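The values are calculated or read from the model by the stated rules, or taken from the named source; none is laboratory data. Every value quoted in this text rests on a predicted model; they were computed, and no experiment measured them. Backbone-built Cβ (ideal geometry, glycine too); neighbour counts: all protein chains shown. Accessible surface is based on the protein model in full, side chains and every heavy atom, while ligands, DNA and RNA are left aside. Shrake-Rupley method; radii C 1.70, N 1.55, O 1.52, S 1.80 Å.
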Amino acid sequence: MPTMCLFSGAYPSCCFNFASPCCFPKCVRRYIEEGHDVNHLANAGKYISAMVAAAARLKYAVEATPLWFAIVIVTSTGATFYQLFWDFVKDWGLLDLSSKNLLLRDDLVLKNKCVYYASMVGGRNLSDFTSTLP
């Protein structure tokens, strides 16, 4: 894997963030097909925030000014918190104190709750978080 992007001099995270452009249309499709549930659009916003943060980092790599640095910090921080909130609270149901499963949502597919907790810590959320880092 190259250390720099061939097109802009940006780090590979700008070029290899494939999840966001692929998942965004899926969220919009689900919004349309499943009765215009606003949660699908909010989930799409998670992917848009990652793409905006990546675009800001790409622009900063080309034009390293204090303004673009500030934009990178703001967009990356916003995307990180949006993604972590969505994954922990909406996807996993973490901190749902009214659930019959400790800090998880009620409807679990797997019987072993440890799988959910381990996945929260080391799985998808780690990849989402690293995709927003500058």
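Observations, loosely collected:
- Matching residues, the range 26-39, being farther than 20 Å from residue 81 by Cβ and open to solvent by less than 70 Å² (accessible area, probe 1.4 Å): 28, 31, 35, 37
- Annotation: of all residues in the range 50-66 being among the charged types (D, E, K, R) and under 30 Å from residue 87 (Cβ atoms), the one that is most open to solvent (accessible area, probe 1.4 Å) is 59.
- Residue list for the range 91-133, filter: under 30 Å from residue 61 (Cβ atoms), exposed (fewer than 13 other Cβ atoms within 10 Å of the Cβ) and either of a type in the set (Gly, Ala, Ser) or modelled with pLDDT of 75 or more (or both): 122, 127
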